[in-house]
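Each value in this text was obtained by applying a stated rule to the coordinates, not by laboratory testing. Just so you know, these numbers come straight off a predicted model, no measurement behind them. No Cβ is skipped: glycine too gets one built from the backbone with ideal geometry, and neighbour counts run over all protein chains shown.
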Amino acid sequence: MRNVIIFVALYILTSVSANALTMTSVQNGYWHDPATWGLINTFPYFDTDVVVLHGVIIEGLEECHDLTVETGGSLTTAYGYRSLSVFGAAVIRGNMSSVSGGWPLDVSLHGDLLVEGRVSTQSIDFSGTGDQLFTMLGGAVFTPVDTRSSGGGDLIVDSILTVSTMWDLMGSTIVLNAGGGLYLAGGYLSNGSVSAGGRPIVSSADAWLSNLSIDNALLSGFTRLYSGVGFTGTTTVTDTIQTHFGTATATFEHVINEGLIQNGDWPLFLQISGNVNNSGTWTNLETHLVGSGNQSVGASDTHPIGATLRLESQLGGVGHQWTLDGSPWPGATFPNVDLAPAASAHTGVWQCTSTEGPSRTITIADPLGTAVGRPADPVITIQGNHPNPFNPTTVIGFRVDVDTAVRAEIYDARGRLVAHSAETMYEAGDHSITWSADSLASGTYLYRLIAGQSSAVGRCILIR
């Protein structure tokens, strides 16, 4: 009886003096639906600026302004579907989950989200109409089964965003600030775009992509493509790209393939408007060079593109004629010419003319090509690191073919950027960079050396 009186008193106090309150704090209580529980309601609607939870079970449809789940506390569901709307900022230092009774907790966020603890709800909806900031600190965990960005604004990420289940961007954009990254740990990402702001997107095991635009991607794990995927900027592949459950067409600008590009169980069609550097395995069904400017394809006898390579002239008119190094190519009198998997017989400068004039040029070079009419991109080659495994210092060897600035980035196994260097000028030739991992735990790390539009990736193992 005494507890009921205290709860009623708290309700009356918060209802009467709502404008004067700045915070409501509840310790190990219940957040009830007033329609069901009447006056026994510790959280009146919109009556406080900040709600701080120290261990609370939600039992109804609730709304609040700012929300903080404190360290050591939790917000869980009980006995039925539960929904929570947060119209200000949400700070999760404890646990927000759907575990109690196995019932879902769906959270709609109209403001920023800071996670220092564990978020494992059924769904999170970033539903604010403006831009929202998503931040994870320390050992934070963010694993909702279903995540949506439905408000129409950008989601600004200044940390590592992990997608391990379903994320529907619904037309919105994930913008990665400096220090931000995207780790696709078996997640399904669709219906929007990801802007790297000059930084790479990092994907890992079994990522699924559909109806998505991604800028400057570093695809370091197994990546499955559905339909409508476009990659802008420079895309670096160090593992595997293939289709999944249906034919997929993907568009690229510049491509650096150091891994495996293949069909999978269904055809994979690539449309590339920029340059291609292939030092891995490339076995997809068709690759179309569709750019309007000059392009280059780096394909050698040891690393050919194992696909039909279609050169598209982009010319109208009649009287098309393709030439290779100035000599007419037999039978190539159509706007497009299809080549068998690229080999040394196809290397050289291709050009098509028609009544509309000469087209752009397409250079197939051995081993790395440079498009005619544009400066050569530096070629950077990693020579490995020693010792490997190491503790705690290793030396990364590399070679550049021209004088160029080089910078290094180090990622952990989850794709998080853990170290980087400033750009440093190096003369053409062999060089090395020393990396000391004093403060890092044992594990596998990926290092990426970047020179202009070119990059190279290696792996090393730290053993304490």
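Entry note, region 380-462: relative contact order of 36 percent, from Cα contacts under 8 Å with a spacing of 6+ residues. The simple spin-label model puts a point 7 Å past each Cα toward its Cβ; for H386 and E63 those points are separated by 6.8 nm. Counting every other Cβ atom within 10 Å of each residue's Cβ, D66, D403 order from fewest to most as D403, D66.
Kindly state, to the nearest 0.05, the FRET efficiency for I463 paired with N336, given R0 = 60 Å and r defined as their beta-carbon distance.
On the way: r = 53 Å, r/R0 = 0.88.
The formula returns an efficiency of 0.70 here.
For S296, nonlocal amide neighbours, meaning residues 5 or more places apart or on other chains whose placed amide H falls under 5 Å from its own, are N275, V276, T363, A371. For the Cα trace of region 299-355, dividing Rg by the Kirkwood Rh returns an Rg/Rh value of 0.99.
How big is the Rg/Rh ratio for region 380-462, C-alpha atoms only, Rh by Kirkwood, two decimals?
Values: Rg = 12.2 Å, Rh = 12.8 Å.
Expressed as Rg/Rh, it is 0.95.
Using a simple spin-label model with points 7 Å from Cα along the Cα→Cβ vector, what separation in nm is obtained for S327 and D146? Between S327 and D146, the label points sit 6.3 nm apart.
Spin-label model, L440 to D158: label points 7 Å out along the Cα-to-beta-carbon direction sit 2.4 nm apart.
Compute the convex hull volume of the Cα atoms of region 140-186, divide it by the residue count, and report the result per residue in Å³ as a whole number. Walk me through the numbers before you get to the answer.
On the way: hull volume 3.4 nm³, N = 47.
It comes to 72 Å³ per residue, whole-number rounded.
A cut-off of 5 Å between modelled amide H atoms, ignoring neighbours fewer than 5 places along the same chain, links E356 with V318. Using only the Cα atoms of region 208-269, build the gyration tensor, take square roots of its eigenvalues as a ≥ b ≥ c, and label the shape rounded, prolate or oblate: rounded if a/c is under 1.5, else prolate if a/b is larger than b/c, else oblate. It is oblate, given that a/c is not under 1.5 and a/b is not larger than b/c.
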